[in-house]
Amino acid sequence: MKVLVTAGPTREAIDPVRFISNRSSGKMGYAVAEAARDAGHAVRLISGPVALAAPEGVALVRVTTAAEMLAAVKQHVRGCDVLVMAAAVSDWRPKKIAALKLKKSDGPPRIAWEATPDILKTIAPLKKNAQVFCGFAAETDRVAAEAKRKRREKNLDAIAANDVSKKGRGFESDRNALTIFLATGRAVRVAPTTKKNCARILLGVLAGIEKKKKK
Ligand code: CTP
């Protein structure tokens with residue numbers, strides 16, 4: 001299969017020296033890309049700024065902002081069989097990026113915010129029937145209900161929910177636990193394990209969906 005993966009956070013500039021972002025390390029998305037490569041698939045990884053080494057044997061596209069990630073996803077989504085959006089896209093950005101450094105002496109800045117594009121919602125109309133799109137849901141409460149809502153609203157075949165309020169998994173950790181909600185109503189639970197194992201199991205589930213669709 002041709003597998004397209006997004007990973008890491010995005011960064012939205014405030015001024016030449018500051019940005020808003022989130023705690024995503026990129027580890028889950030990179031694990032998905034590596035697991036797909038190890039399973040023999042052709043993999044392209046669209047990555048926000050992370051401290052991880054470029055995985056060997058994977059086509060890497062580096063981006064910084066949500067707008068850049070959207071453009072890269074739009075460019076590469078057409079030819080893929082499976083899309084896994086593991087990136088933690090910043091939801092907001094300053095309406096205007098200050099051209100000059102905001103000075104401390106001017107006091108706390110009043111920043112006007114706007115929403116970034118929702119990448120999955122934007123590309124949903126481009127989705128072909130045979131393609132499998134999977135999102136992630138980072139939740140701190142009402143995990144199942146929120147993940148299911150996002151799966152429906154973003155027209156996904158599957159969404160991997162992780163509870164990021166739990167210690168020792170999710171953001172920055174090498175471990176995770178997932179509940180993968182499928183469009184069929186089925187849910188696959190992955191008990192706490194390494195992100196590498198989570199990635200392998202998730203890919204197995206997605207390959208199964210892809211196979212059924214191609215029949
Ligand atoms: N996502 C996206 N574009 C955005 C924000 C999120 O494509 N601007 C994708 C993420 O990559 C993930 C899924 O949507 O696969 C869910 O992301 P999440 O941050 O959990 O949800 P949000 O849609 O941002 O909703 P909320 O902030 O209400 O939790």
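The values are calculated or read from the model by the stated rules, or taken from the named source; none is laboratory data. Computed from a prediction, not measured in an experiment: that's the story for all the values here. Cβ atoms come from the backbone with ideal geometry, glycine included; neighbour counts cover every protein chain shown. Each accessible area value is taken on the protein alone, full model and side chains, heavy atoms only, with ligands, DNA and RNA left out. Shrake-Rupley method; radii C 1.70, N 1.55, O 1.52, S 1.80 Å.
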### Task
May I ask you to work out the translational diffusion coefficient for region 1-80 at 10 °C, viscosity 1.306 mPa s, via Stokes-Einstein with Rh from the Kirkwood sum over Cα pairs, reported in whole µm²/s?
123 µm²/s
### Query
Using alpha-carbon positions, what is the distance between the centroids of region 49-94 and region 1-38, in Å?
6 Å
### Query
Counting only protein heavy atoms, what percent of the accessible surface of region 79-215 is carbon or sulfur at a 1.4 Å probe?
52 percent
### Query
Ala99 to Gln75: FRET efficiency via 1/(1 + (r/R0)^6), r the Cβ-Cβ distance, R0 35 Å, to the nearest 0.05?
0.75
### Summary
Taking placed amide H atoms and a strict 5 Å upper bound, the residues 5 or more places from Phe133 or on another chain that come that close are Leu83, Asp157, Ala158
### Query
Percentage of Cα-Cα pair distances in region 76-143 greater than 16 Å, rounded to whole percent?
65 percent
### Task
Work out from phi, with θ = phi - 60° and the Karplus expression 6.51 cos²θ - 1.76 cosθ + 1.60, the ³J(HN,Hα) of each residue of region 135-151, listed in order in whole Hz, and give x for Gly and Pro.
x, 10, 10, 8, 10, 10, 7, 6, 4, 5, 4, 5, 5, 5, 4, 5, 4
### Task
Step through the table entries Lys2/Lys127; Lys95/Lys127; Lys154/Lys196; Lys74/Lys96; Lys128/Lys214, compare each Cα-Cα distance with 20 Å, and write down the pairs that go over it.
Lys95/Lys127; Lys154/Lys196; Lys74/Lys96
### Message
Once R0 is set to 30 Å, what does the formula 1/(1 + (r/R0)^6) return for the Cβ-Cβ distance between Lys211 and Ala54, expressed as a FRET efficiency to the nearest 0.05?
### Response
0.50
### Query
Taking springs between alpha-carbon atoms closer than 10 angstrom, which of Ile201, Ile123, Ile111 fluctuates most in the Gaussian network model of the chain?
Ile111
### Query
Points 7 angstrom from Cα along the Cβ direction at Thr140 and Asp118: gap in nanometres?
2.1 nm
### Summary
Whole-percent tail of the Cα-Cα distance distribution for the chain, cut at 20 Å, equals 57 percent
### Query
Using a 1.4 angstrom probe and counting only protein chains, how large is the accessible area of Ser24 in Å², to 10?
20 Å²
### Task
Using a Gaussian network model of the chain whose springs link C-alpha atoms within less than 10 Å, name the residue from Lys166, Lys127, Lys104 with the highest mean-square fluctuation.
Lys104
### Query
Do any GluC sites (Glu not before Pro) in region 69-175 lie in a loop, going by DSSP, with at most 14 other beta-carbon atoms within 10 Å of their beta carbon, and if so which?
Glu172
#### Entry: Top of Pro55, Pro117, Pro125 by mean-square fluctuation, Gaussian network on the chain, Cα under 10 Å
Pro125
#### Entry: Residue-normalised accessible area of the chain, expressed per residue, 1.4 Å probe, Å²
53 Å²
